[in-house]
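Enquirer: Have a look at this one before I ask anything.
The values are calculated or read from the model by the stated rules, or taken from the named source; none is laboratory data. Worth saying up front: this structure is predicted, and the values here are computed from it rather than measured. Cβ placement follows ideal geometry from the backbone for every residue including glycine, while neighbour counts extend to all protein chains displayed.
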Amino acid sequence: MPETVFEVDTEAPPDDQPDPIVNRWHPDTPPAASMEPGEKVRIECLDWTGGQLENDDSANDIRDMELSPNHHLSGPFEVKGAEPGDILVVDILDLGQFPDHEWGYTGIFDKDNGGGFLTDHFPEARKTIWDLDGVMASSRHIEDVRFPGCAHPGILGTAPSHELLAEWNEREQALIDRGPEDATAVNHETGESEPPLALPPEPDGVLLGGMEGEELDEAAQEAARTIPPRENAGNCDIKNLGRGSRVYLPVFVEGANFITGDLHFSQGDGEITFCGAIEMPGWIDLRVDVIKNGMEKMGTDYAMFKPGYMDPDFSNYVVFEGYSVDEEGTQHYKNSTVAMRRACLDAIDYMTNFGYTREQGYFILSTAPVESRIAGIVDLPNTCVTVSLPQEIFDFDIDPDLLADGTAVEDRGDVAKTS
């Protein structure tokens, strides 16, 4: 087993961990540990909320969650010899749940506290608990579904330089300032975008590893939220970035200051409920290396990766198509977000034919290894997006041909709700 270079305690709060947690991007965050190129290490991680969720049948913890501190990540890790302009190579060797924590969760966030991709259709907090049995996931909240997870880290990234951090903050604030014309929805009472167009720096609850005092207070004013992916990779939530994958990350500061966490047992493309993967604390084994002057050699200043070989091998899908026409019948110009929404909504409605609630269908799309693709983008005015639901994850047949003759609708339980 590789040496553990970062430890967590799932029973302790985020600010009282064996190694200090980080929840923002900042170039001056002190490294938690150092690695040599070619070295294998094990890194332990909290779940992204820092332990705010319980294994129970209530969604009150989703409804009441404190979102501003998230994510709770492990690092940064200095890779010796890495310099700006290099490429940091990260091989994902293995990852998994802790032996005493073999469960995960998925949430639909309340419209007034986080929301989600389909928040206008699913405005209330809901939760599903998953039992993690080896590589398989099943849930007491969604009956007759069982699938192998495509485990992966939601977040892998390197620290930005001061210049890049300033660029992030400037361009995201400019988006906020442009206002509702860039929004998918607007609150007619406040005139504000729903959900917010971007999340500017939030000083409250900032954790920057071992940084303390005035230095922490000053850095917290500009430290970037970890919610969106950016040039340093970060929160990409790519379900295929699992065991056996090789990741190429641009280096912007001395030592790279690599950070990881937000481990997922499984996820569908898009992670559409927002807290949409099967979230879990756990461990990840990595090997790091450095390609000197790699950004110039590879002709890129963005992250890249080669997927591993551990994805589930499904062969039978029901595929749903979506186009750039919203639920009100308004035509949009090659809008892939609208097309994705329509495909997801059709898939959710389809699953109700077999006894699932719409919330259960939403959770299935978000957690099972569902494939989503931009099938066509050249034919104006519509982009075509497909969402492919694997039939093998169900304990019964969901083939469309069955519906031609009618099918018995069974009660397949329900998700956890608020009280």
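Enquirer: Kindly indicate whether PRO201 is within 23 Å of ASP47 (Cβ to Cβ) and either in contact with a strand residue (DSSP E or B) (Cβ under 9 Å, 6 or more places away or on another chain) or modelled with pLDDT of 95 or more (or both).
Expert: no
Enquirer: Moving to a separate point now. What about ASN187, is it modelled with pLDDT of 70 or more and not β-branched (Val, Ile, Thr)?
Expert: no
Enquirer: Could you please let me know if ASP269 is within 30 Å of TYR105 (Cβ to Cβ) and in contact (Cβ under 8 Å) with a residue 24 or more places away in the chain?
Expert: Yes, satisfied.
Enquirer: Return only the number of the condition from (1) part of a loop (DSSP other than H, G, I, E, B); (2) of a type in the set (Gly, Ala, Ser); (3) surrounded by 15 or more Cβ atoms within 10 Å (Cβ to Cβ) that ALA339 does not satisfy.
Expert: Failed condition: (1).
Enquirer: Next up: Among (1) in contact with a Ser or Thr (Cβ under 9 Å, 6 or more places away or on another chain); (2) surrounded by 21 or more Cβ atoms within 10 Å (Cβ to Cβ), there is one condition TYR356 misses while meeting the rest; what is its number?
Expert: That leaves (1) as the condition not met.
Enquirer: Which residue pairs have Cβ atoms closer than 6 Å, lie 6 or more positions apart in sequence or on different chains, and pair a first residue in region 21-34 that is in the same structural domain as PHE258 (by TED's automatic domain parsing) and closer than 10 Å to SER74 by Cα with a second residue that is among the small types (Gly, Ala, Ser) and in a loop (DSSP other than H, G, I, E, B)?
Expert: From residues that are in the same structural domain as PHE258 (by TED's automatic domain parsing) and closer than 10 Å to SER74 by Cα, the pairs are VAL22/GLY209; ALA32/GLY209.
Enquirer: Here's something else I'd like to know. Need pairs with beta-carbon distance below 7 Å; first residue without any contact (Cβ under 8 Å) to a residue 40 or more places away in the chain and within region 319-335, second of a type outside the set (A, V, I, L, M, F, W, C) and surrounded by 11 or more Cβ atoms within 10 Å (Cβ to Cβ); sequence gap 6+ or separate chains.
Expert: ASP326/HIS332
Enquirer: Separate question: If you take just the strands (runs of 3 or more DSSP E) that sit entirely in region 49-132, which of them hold at least 1 residues that are within 20 Å of the chain's Cα centre (by Cα), more than 30 Å from VAL288 (Cα to Cα) and of a type in the set (A, V, I, L, M, F, W, C)?
Expert: Here the list reads 103-108.
Enquirer: Just one of LYS111, LYS127 is touching a Pro at 6+ places or on another chain (Cβ under 8 Å) and either buried (at least 23 other Cβ atoms within 10 Å of the Cβ) or within 26 Å of ARG358 (Cα to Cα) (or both); which is it?
Expert: Of the residues listed, the single one that is touching a Pro at 6+ places or on another chain (Cβ under 8 Å) and either buried (at least 23 other Cβ atoms within 10 Å of the Cβ) or within 26 Å of ARG358 (Cα to Cα) (or both) is LYS111.
Enquirer: Okay, next question. Go over the candidates ILE377, ILE348, ILE398, ILE364 one by one and state the one that is in contact with a Cys (Cβ under 9 Å, 6 or more places away or on another chain) and β-branched (Val, Ile, Thr).
Expert: It is ILE377.
Enquirer: Follow-up. Take GLY115 and decide whether it is at positive phi and touching a residue at least 40 places away in the same chain (Cβ under 8 Å).
Expert: For GLY115, the condition - at positive phi and touching a residue at least 40 places away in the same chain (Cβ under 8 Å) - is met.
Enquirer: Name the residue, out of GLY244, GLY210, GLY205, GLY234, that is in contact (Cβ under 8 Å) with a residue 24 or more places away in the chain, assigned to a strand (DSSP E or B) and farther than 25 Å from ILE364 by Cβ.
Expert: Of the residues listed, the single one that is in contact (Cβ under 8 Å) with a residue 24 or more places away in the chain, assigned to a strand (DSSP E or B) and farther than 25 Å from ILE364 by Cβ is GLY234.
Enquirer: Take region 380-395 and flag every residue that is out of contact with any Cys (no Cβ under 8 Å at 6 or more places or on another chain) and among the β-branched types (Val, Ile, Thr).
Expert: Scanning region 380-395 gives THR383, VAL385, THR386, ILE393.
Enquirer: Being of a type in the set (Lys, Arg) and within 29 Å of SER161 (Cβ to Cβ), is that true of even one residue in region 58-77?
Expert: Within region 58-77, none of the residues are of a type in the set (Lys, Arg) and within 29 Å of SER161 (Cβ to Cβ).
Enquirer: Looking at (1) surrounded by 16 or more Cβ atoms within 10 Å (Cβ to Cβ); (2) over 26 Å from ASP94 (Cβ atoms), which one does GLY329 not meet, given that it meets all the others?
Expert: Against the list (1) surrounded by 16 or more Cβ atoms within 10 Å (Cβ to Cβ); (2) over 26 Å from ASP94 (Cβ atoms), GLY329 comes up short only on (1).
Enquirer: Read through the list (1) in contact with a strand residue (DSSP E or B) (Cβ under 9 Å, 6 or more places away or on another chain); (2) over 24 Å from CYS236 (Cβ atoms); (3) of a type in the set (Gly, Ala, Ser), then give the number of the only condition that GLY329 fails.
Expert: The failed condition is (1).
Enquirer: Also, I was wondering about something else. Limited to region 133-170, what total is found for residues that are closer than 26 Å to LEU365 by Cβ, outside any strand (DSSP E or B) and under 20 Å from the mean Cα position of the chain (by Cα)?
Expert: 4
Enquirer: Step by step: first the residues of region 217-231, then only those that are aliphatic (A, V, I, L, M) and part of a helix (DSSP H, G or I), then the one that is farthest from THR367 (Cα to Cα). Which residue is that?
Expert: Result: ALA219.
Enquirer: Hey, another quick one. Quick one: which residue in GLY308, GLY322 is under 25 Å from TRP130 (Cα atoms), crowded, with 16+ Cβ neighbours inside 10 Å and not hydrophobic (A, V, I, L, M, F, W, C)?
Expert: Testing whether each residue is under 25 Å from TRP130 (Cα atoms), crowded, with 16+ Cβ neighbours inside 10 Å and not hydrophobic (A, V, I, L, M, F, W, C) leaves just GLY308.
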